[in-house]
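To start, the structure under review is shown below, and the notes come after it.
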Amino acid sequence: MPVALDPSAPLTRTACAHCGDACPAEPLHLAAEPALDFCCAGCRAVYELLAASNLCTYYRLDAHPGRKVKDLELPGRFDYLDSEAVQDQLLAFRSPTLARLTFQIPQLHCASCIWLLENLFKLNSGIGTSRVNFLRKELTVSYYPADTSLKAVVQLLAAVGYEPRITLAELGAQPHPGNRRLYYQLGVAAFAFGNVMLLALPEYFSFTAQLQSTFGRFFGGLSLLLALPVLLLSARGFYRSAWQGLQQRYINLDFPISLGLTALFVTSVFEIVTQRGPGYFDSFTGLVFFMLIGKWVQQRSYDALRFDRDFTSYFPVAVTLLKPGGQEQTISVKELRPGQRIRVRHQEIVPADAVLLRGAGQIDYSFVSGESEPVPKASGEIVYAGGRQVGAAVELEVVREVSQGYLTQLWNNPIFQKETRPTLETYANKVGRYFVALTLLLALGAVAYWYPQDPHMALRAFTSVLVIACPCALSLATPFALGAALRVLGRRKFYLKNSTVVETLGRADTIVFDKTGTLTEVQRTAVDVVGPTLSPAQQQAVAAVARHSTHPLSQRLATALPGSLLPVAGFAETPGQGISGMVAEVLVRIGSAAFVGATPASEPELAAAQARVYVSFDGLAAGCFVLRNAYREGLPEVLAALGRRYQLAVLSGDNDAERERLQQLFGPRAELRFHQSPQAKLDYIAQLKQQGRTVVMVGDGLNDAGALQQAAAGIALTDDLTNFSPACDAILEAGSLAQLPTLLAFSRACLRVVLATFILSFCYNAVGLTLAVQGRFTPIVSAILMPISSLSVMVFATLLVRLAARRRRL
């Protein structure tokens, strides 16, 4: 029977003065007062570097400020940064005297990191400034090309334990122009709104009648000049969206907004030109300003994270090229050509389709296919781009350029792209259709009623209905209610691309999960022992030998067993079979049953085992370790809660070894599919959509990209928000998975809040329309009713969303 492993307490060891990790039996020392111990040369080098620059305040900012420093990389690893072509693509600004760029720093984790990175100028005088954006884990560095280089800056960051992540996505990346444009539009609208309100002041008070009669025409002309940029620049997005909707034969909410703004502007111009009045430019500029605030709220949530990542965000920029004679050269991945030979080391990504020439390939394709176990590759076999080598270094010969490889073709497949035609009709767009029809009907009715009596009153009533019925409150209801929802969800580490995703989640009826990396924790493995229970000394001996291997099973076994620093002599690794070594004069062998001389276990309990690792001591078999997938904490409760409302399914690229276990977790109604390729996942989602289901897909890798894109809403689950996540509609931090049922329930509540704000906005419009059809629309009514309706809807929506969040303890 399998026995759960009960590791003994780890031995007490000296803590590293830099990173806090346990030091080996013979730590590295630094002569100081007091004497300091370090776990490795890297940590000691960082401490010496900080001490030489009087930066040891760094160690007083946090209980564990230091990051574990990896062994120094191979020389020449950053040589590609000296390339002018690479610098042109990475640098955001470049001149003979100053250069500036932004790095992704995944290691950022606390205040001491920020302090150190913002004091880089003390470590390198060629660095001018360095500023941290902690939310996005970014570091913006300005340096002087005459005193230092981009390569030197990156080497410094790597030396202090904050090596930036430079990927293909950064090459050629340009800042999104829409972000800056929105700020310009908002600034212009705010400036015009404030000044036009000031010029309209005489209209609101009787004691300024003389001022109005004297300067009224001048003020009106000046207001027109101020409102013109608002129409041409700030309101441009509403008109473009309305026109695009008409081209696709449907009316979105921006159409009645554009119609109302046009009527308000034209009426104002007409009144000023004919000297009938000052116009309504104060209301016009105010409406545009408030609606742009709603867009800005949505844009902030989008800017905080990247939802549009593709496979280039996962690929490194450089690769080790093997030149004739065995020399190595680091070059940009974009410079790779078919026929060139490259060396790929442990945990490095294969950047292009290639043929294995030398070495034992152990390729982890979980990023591409979802298969959790590494695939062995022999000499002569093809290795596809996107695989990660998890063993000793291998030599490969490139057969296709990066732009023509399997992974690129997979990502660029048109069927993996979400339809650009807006098929999702939001509540606001649906209501907007009827709202436009009602507005036009009332406007024409007012004309028919007033024209026989007073043609001038008929024109005034017609424009007044269009103006007062401009759905400002209706348009603000959705962005502010759902904008408040985005902030609540963001505090729970659930980041949505835009407010439309809240509506989709609220209407979902089917949830489909990926398995590997989504339901399971790749870094955590459940280990059982089959056979005699190992003593603590035996467990430490196995861990000591396993730590010398780079094979994934060895690493997972070493992590699960008690920590051990016992010396190992005569370590040897037989590819595909196992490893061995002498520990305290005892020969420890770990691997397959044949390798250690054991009889393969056949207990029924092992039928669903993910992997088995046998062990022997001095030739005597001592049972085996069973390594099973470790599912995320609280998963049974999450699935039970979701199963009561949603249809659940699992799509896995892995084998079906854990079918029974998953069926117990998901229930008998859930559909489980294994050996699923990316195309098969996409086809299954498409099949559900044809059945009329609203599908939410939860996945974590490129193998889920097609399904994430095709689902009504795709949620990328990640253990690190700065790590790669495929193009998606939402990003959920893995630690918040247990709250998924509550978050979805909150999304449904937010839809009810939107409906409530619609009712409130309709009440305001009813009052306004009553005045408009009677021809009583005046500048004072416009200036008071419209801003009050807009502000009250914003406050009402925000308060209801916060109440819904508090009821669910979010």
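The values are calculated or read from the model by the stated rules, or taken from the named source; none is laboratory data. Predicted, not measured: the structure shown is a model, and the values here were computed from it. All Cβ positions, glycine included, derive from the backbone under ideal geometry; neighbour counts span all protein chains shown.
MET697 falls short on exactly one of the conditions (1) in a helix (DSSP H, G or I); (2) touching an Asp or Glu at 6+ places or on another chain (Cβ under 8 Å); (3) touching a residue at least 40 places away in the same chain (Cβ under 8 Å); (4) of a type in the set (A, V, I, L, M), and that condition is (1).
From the list ALA608, ALA649, ALA622, ALA598, pick out the single residue that is assigned to a strand (DSSP E or B), at pLDDT below 85 and not acidic (Asp, Glu). I'd like the intermediate steps shown before the answer.
Numbers: ALA608 fails: assigned to a strand (DSSP E or B); ALA649 fails: at pLDDT below 85; ALA598 fails: assigned to a strand (DSSP E or B).
One residue alone meets the criteria, ALA622.
Whether a residue is part of a loop (DSSP other than H, G, I, E, B), surrounded by 22 or more Cβ atoms within 10 Å (Cβ to Cβ), of a type in the set (Gly, Ala, Ser) and modelled with pLDDT under 85 was assessed, and SER725 passes this test.
When region 170-201 is examined, which residues are found to be at pLDDT below 75 and buried (at least 20 other Cβ atoms within 10 Å of the Cβ)? Walk me through it before giving the result.
Start the filter on region 170-201 by keeping residues that are at pLDDT below 75, which leaves 170-180, 200-201.
Passing the criteria: only ALA200.
Could you tell me whether ALA804 is modelled with pLDDT of 75 or more, in a helix (DSSP H, G or I) and of a type outside the set (Lys, Arg)? Yes. With respect to VAL527, determine if the residue is at pLDDT 75 or above, among the aliphatic types (A, V, I, L, M) and part of a strand (DSSP E or B). It is true that VAL527 is at pLDDT 75 or above, among the aliphatic types (A, V, I, L, M) and part of a strand (DSSP E or B).
Consider region 265-281 and keep the residues that are among the aliphatic types (A, V, I, L, M) and surrounded by fewer than 20 Cβ atoms within 10 Å (Cβ to Cβ). The one that is nearest to LEU226 (Cα to Cα) is VAL269.
Quick check, is ARG343 modelled with pLDDT of 80 or more, surrounded by fewer than 22 Cβ atoms within 10 Å (Cβ to Cβ) and part of a loop (DSSP other than H, G, I, E, B)? Can you show your working first?
Working: modelled with pLDDT of 80 or more: yes; surrounded by fewer than 22 Cβ atoms within 10 Å (Cβ to Cβ): yes; part of a loop (DSSP other than H, G, I, E, B): no.
Against the criterion (modelled with pLDDT of 80 or more, surrounded by fewer than 22 Cβ atoms within 10 Å (Cβ to Cβ) and part of a loop (DSSP other than H, G, I, E, B)), ARG343 does not qualify.
Keeping to region 140-162, report how many residues are buried (at least 18 other Cβ atoms within 10 Å of the Cβ), in a helix (DSSP H, G or I) and in contact with a Leu (Cβ under 7 Å, 6 or more places away or on another chain). So the answer is 3. Among the criteria (1) of a type in the set (Gly, Ala, Ser); (2) more than 14 Å from VAL753 (Cβ to Cβ); (3) crowded, with 21+ Cβ neighbours inside 10 Å, the one GLY490 does not fulfil is (3).
Among the candidates GLU660, GLU637, the residue that is touching a residue at least 12 places away in the same chain (Cβ under 8 Å), surrounded by fewer than 14 Cβ atoms within 10 Å (Cβ to Cβ), over 22 Å from LEU740 (Cβ atoms) and assigned by TED's automatic domain parsing to the domain that holds ALA734 is uniquely GLU660. The numbered conditions (1) buried (at least 16 other Cβ atoms within 10 Å of the Cβ); (2) modelled with pLDDT under 75; (3) not in a helix (DSSP H, G or I) are all true for CYS43 except (3).
Taking the conditions exactly as written (without any contact (Cβ under 8 Å) to a residue 12 or more places away in the chain, among the aromatic types (Phe, Trp, Tyr) and either in contact with a Pro (Cβ under 8 Å, 6 or more places away or on another chain) or in the same structural domain as GLN87 (by TED's automatic domain parsing) (or both)), does PHE134 satisfy them or not? Spell out the reasoning first.
Details: without any contact (Cβ under 8 Å) to a residue 12 or more places away in the chain: no; among the aromatic types (Phe, Trp, Tyr): yes; either in contact with a Pro (Cβ under 8 Å, 6 or more places away or on another chain) or in the same structural domain as GLN87 (by TED's automatic domain parsing) (or both): yes.
Taking the combined requirement at face value, the residue does not satisfy it.
Of all residues in region 769-786, none are in a helix (DSSP H, G or I), at pLDDT 80 or above and out of contact with any Phe, Trp or Tyr (no Cβ under 7 Å at 6 or more places or on another chain).
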